[in-house]
1. Which of the numbered conditions does residue A:299 fail, given that it passes all the others? Conditions: (1) open to solvent by less than 30 Å² (accessible area, probe 1.4 Å); (2) hydroxyl-bearing (Ser, Thr, Tyr); (3) touching a strand residue (DSSP E or B) at 6+ places or on another chain (Cβ under 9 Å).
2. In the stretch A:120-152, how many residues are open to solvent by less than 50 Å² (accessible area, probe 1.4 Å), part of a helix (DSSP H, G or I) and in contact with a Gly (Cβ under 8 Å, 6 or more places away or on another chain)?
3. Does residue A:217 satisfy being more than 16 Å from ligand 1 (Cβ to nearest atom) and open to solvent by 20 Å² or more (accessible area, probe 1.4 Å)?
4. What number of residues within the stretch B:88-111 are open to solvent by 30 Å² or more (accessible area, probe 1.4 Å) and not in a loop (DSSP other than H, G, I, E, B)?
5. Right, residue A:225: out of contact with any Pro (no Cβ under 9 Å at 6 or more places or on another chain), within 14 Å of another protein chain (Cβ to nearest Cβ) and more than 16 Å from ligand 6 (Cβ to nearest atom) or not?
6. Would you please list the contacts, defined by Cβ atoms under 7 Å and residues six or more apart or on different chains, that run from a residue in the stretch A:72-95 that is on the phi < 0 side of the Ramachandran plot and within 13 Å of another protein chain (Cβ to nearest Cβ) to a residue that is near ligand 1 (Cβ under 7 Å from one of its atoms) and part of a helix (DSSP H, G or I)?
7. Could you go through the stretch A:49-59 and let me know if any residue there is away from ligand 3 (no atom under 16 Å from the Cβ), within 14 Å of another protein chain (Cβ to nearest Cβ), more than 20 Å from residue B:78 (Cα to Cα) and buried (at least 23 other Cβ atoms within 10 Å of the Cβ).
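The values are calculated or read from the model by the stated rules, or taken from the named source; none is laboratory data. Owing to the predicted nature of the structure, the values given are computational and were not obtained by experimental measurement. Note: ideal-geometry Cβ built from the backbone for every residue, glycine included; neighbour counts use all protein chains shown. The accessibility values were calculated without ligands, DNA or RNA, using every heavy atom of the protein model including side chains. Shrake-Rupley method; radii C 1.70, N 1.55, O 1.52, S 1.80 Å.
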Protein chains: 2
Amino acid sequence: MKMQTLAIVAAGLMATTVQAEPIQIIEPAVITEPEKVELGKKLFFEPRLSKSGFLSCNSCHNLSLGGVDALPTSIGHNWQEGPINSPTVLNAKYMLAQFWDGRAADLKEQAAGPIENPKEMALPHDVALEVLRTIPAYQDEFAAVFGDQGITMDTVTDAIAAFEETLVTPNSRFDQYLAGDKNAITEVELEGYELFKANACSACHNGPAVGGTSFQKMGLVKEYITDNPELGRYNVTGKESDKNVFKVPTLRNIELTYPYFHDGSVWDLTEAVKVMQEVQLGLPLSDEEAEKIAIFLKTLTGDQPQITLPILPPSNPNTPRPAPFK
Amino acid sequence: MKMQTLAIVAAGLMATTVQAEPIQIIEPAVITEPEKVELGKKLFFEPRLSKSGFLSCNSCHNLSLGGVDALPTSIGHNWQEGPINSPTVLNAKYMLAQFWDGRAADLKEQAAGPIENPKEMALPHDVALEVLRTIPAYQDEFAAVFGDQGITMDTVTDAIAAFEETLVTPNSRFDQYLAGDKNAITEVELEGYELFKANACSACHNGPAVGGTSFQKMGLVKEYITDNPELGRYNVTGKESDKNVFKVPTLRNIELTYPYFHDGSVWDLTEAVKVMQEVQLGLPLSDEEAEKIAIFLKTLTGDQPQITLPILPPSNPNTPRPAPFK
Ligand code: HEC
Ligand code: HEC
Ligand code: HEC
Ligand code: HEC
Ligand SMILES: [Ca+2]
Ligand SMILES: [Ca+2]
């Protein structure tokens, strides 16, 4: 039944948008506040925002690896095993909300979470602020960007979010195709794209990020079997119907953001496509078709942000020290 | 007695090199094999060279932090506490040998150690090579750089060493001073330098890296008290006289490479200067003099390498998977 509903929705979508593509081009970042972005980049790479002095945002959202850690679930403070797969920070600004369950409204709200989270960076906010406040170079940079506001969680997360806003991946071969270069993708890739639309994948995976536009049940037509106890959107709404509902992830750079699903259980993209087909759509899909869709999905890998590694200003005797083994 | 010997050596040094400075200018890196360096950079940032898929060389030699982790001792696989302070990779090419005890002759020999070390990256070499060999982009890059040699520990460590050779920090204010710009350092900084020479610090800390030219006993004139059981050079030679003998560390970028000493026990540079004076020289040094030497030492912070974060090629279904929690 659910399947039928979806099929109808999808059919409707296709009927009303005959010429329009479900996927939109990603535009390169336009940086209006370069100093804020630069400060945010430092904070994104700042291990002193963790109790151990060892973990930064980039540890779990490694910008060398498509903005993920490429692990099923993350390694946090004291090597604790995290509860859920780390989603990419690339193109995260296009998400309707942040986290798998959407519990943070936007990037700024999100950024406060991991610093204090005892399973992630495990550093109380007051200590994090004290670290930054004792370092003259940070004082100067915050003053230059935020004036009198100084160094607060509000300005810290504002700067991190400003940096993350720049983490877009334009110019994928598929974007070139959308922009009119019909030779930018091969015939097989185009076939994969046609299958992606015909099978209604694009009913959920759409918009510039090819995802991130809605929350959807994982296991719409068939239960998704997993050891992972996370319940998704239910955490936020408490509604029975929101159990196992997750934010639809972006498929941009999907070639880089393995392993797949909120439990990080599937490593092979073709396999992930088949799981989707089975649990979300229930329609038969041959190995060859699944393979073609996967081949198409790899055209969504865009230009990765070119990051010059920030040089972080040194601590001094007043700076709170890391406590990795306490 | 030891003290007197040293004083004589130092006096001799100064007498015979009247005009010559004990510290030499660091030259910028000249890159003759850019493709090898680029490949080495990828490997330096490659977490898949660790069992967990989480730790890379850059985890413990963070190029945002002066090439160190800024911890007393390192965090290795499974959050194991390391035995000794992580030395900087910056200017490491100037060291007469690698590691505190000099057990590796050069950077290439050194680089094989941490990958397999169960307390560091904990990945057997055959698995590390398998990871790289299953990734077509690495195959191509190794072929381009090493031709028929392929992907072996020999070529892996050769590439990493080639990258590390570029990690020099020229153009410090002190280098500008040495090059003839007498205004590049302040009067107090110059006084600190004079004290550094007059107190015979430069008998041990000399050469372009201001260290790394010899092994010396830690606690030459007075025992150095530490909880750390490492014995240094004795590990290599087995000679009683080599107990507590360590490679003299570089003082380049010393402002960034806290905490100090092989046990990482001292966080404050002025304090470290005082410890040196006490245990290596035994001569009295006022707080003000120690402070001046520390102020001089901060002129040794050079231009940090500008690193564009490498984009690492993705794994595929054939690539051995990380095992962070096994
Ligand atoms: C220890 C690993 C770890 C660290 C450190 C970490 N994250 Fe995350 N991050 C995760 C995981 C896991 C999730 C998913 C959590 C969830 O959805 O419940 C996540 C989610 C996110 C998201 C939401 C993306 C989306 O599409 O929903 C953003 C943005 C993000 N993190 C940014 C950051 C920033 C900024 C920092 C540093 C201040 C940071 N992370 C530190 C593991 C980490
Ligand atoms: C009804 C909505 C819906 C439909 C239809 C749908 N998906 Fe998904 N997709 C999701 C949701 C929700 C997730 C996240 C599920 C989870 O991780 O628990 C997801 C995850 C994925 C992932 C893994 C992404 C990642 O980073 O973990 C891939 C790949 C994927 N979908 C591809 C497809 C393809 C291909 C199709 C069509 C054959 C498709 N999806 C159809 C909602 C949908
Ligand atoms: C888990 C932390 C950790 C990791 C990962 C790590 N190192 Fe080290 N490194 C250390 C420590 C600690 C030492 C000092 C060990 C000793 O002297 O006995 C060291 C020593 C060195 C030295 C010697 C410097 C000197 O002056 O003596 C070099 C060079 C070096 N590492 C490069 C690397 C490279 C290249 C990699 C990756 C292949 C790497 N390290 C991975 C912690 C680490
Ligand atoms: C006899 C040789 C010798 C003399 C003289 C000497 N040092 Fe050292 N220095 C060493 C050795 C060896 C170490 C490493 C000791 C250890 O970590 O166990 C060291 C370490 C240091 C460190 C810490 C470096 C780091 O990265 O951990 C500083 C700073 C330093 N010396 C400064 C000085 C100053 C200033 C003087 C003069 C007042 C001086 N040294 C005199 C041999 C010497
Ligand atoms: Ca993933
Ligand atoms: Ca140190």
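1. The number of the failed condition is (3).
2. Matching residues across the stretch A:120-152 total 1.
3. On the way: more than 16 Å from ligand 1 (Cβ to nearest atom): yes; open to solvent by 20 Å² or more (accessible area, probe 1.4 Å): yes.
Yes: the conditions hold for residue A:217.
4. Looking only at the stretch B:88-111, we keep the residues that are open to solvent by 30 Å² or more (accessible area, probe 1.4 Å), and these are B:93-94, B:96, B:99-100, B:103, B:105-106, B:108-110.
Still in the list and also not in a loop (DSSP other than H, G, I, E, B): B:93-94, B:108-110.
The qualifying residues number 5.
5. no
6. Every condition considered, the pairs that remain are A:74/A:60; A:86/A:60.
7. Yes, the stretch A:49-59 contains a residue that is away from ligand 3 (no atom under 16 Å from the Cβ), within 14 Å of another protein chain (Cβ to nearest Cβ), more than 20 Å from residue B:78 (Cα to Cα) and buried (at least 23 other Cβ atoms within 10 Å of the Cβ).
Residue by residue, here is whether (1) assigned to a helix (DSSP H, G or I); (2) open to solvent by 20 Å² or more (accessible area, probe 1.4 Å); (3) touching a residue at least 40 places away in the same chain (Cβ under 8 Å); (4) of a type in the set (Phe, Trp, Tyr) holds:
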{"site": "B:272", "(1), (2), (3), (4)": "yes, no, no, no"}
{"site": "B:294", "(1), (2), (3), (4)": "yes, no, yes, no"}
{"site": "B:303", "(1), (2), (3), (4)": "no, yes, yes, no"}
{"site": "B:306", "(1), (2), (3), (4)": "no, yes, no, no"}
{"site": "B:317", "(1), (2), (3), (4)": "no, yes, no, no"}
{"site": "B:321", "(1), (2), (3), (4)": "no, yes, yes, no"}
{"site": "B:324", "(1), (2), (3), (4)": "no, no, yes, no"}
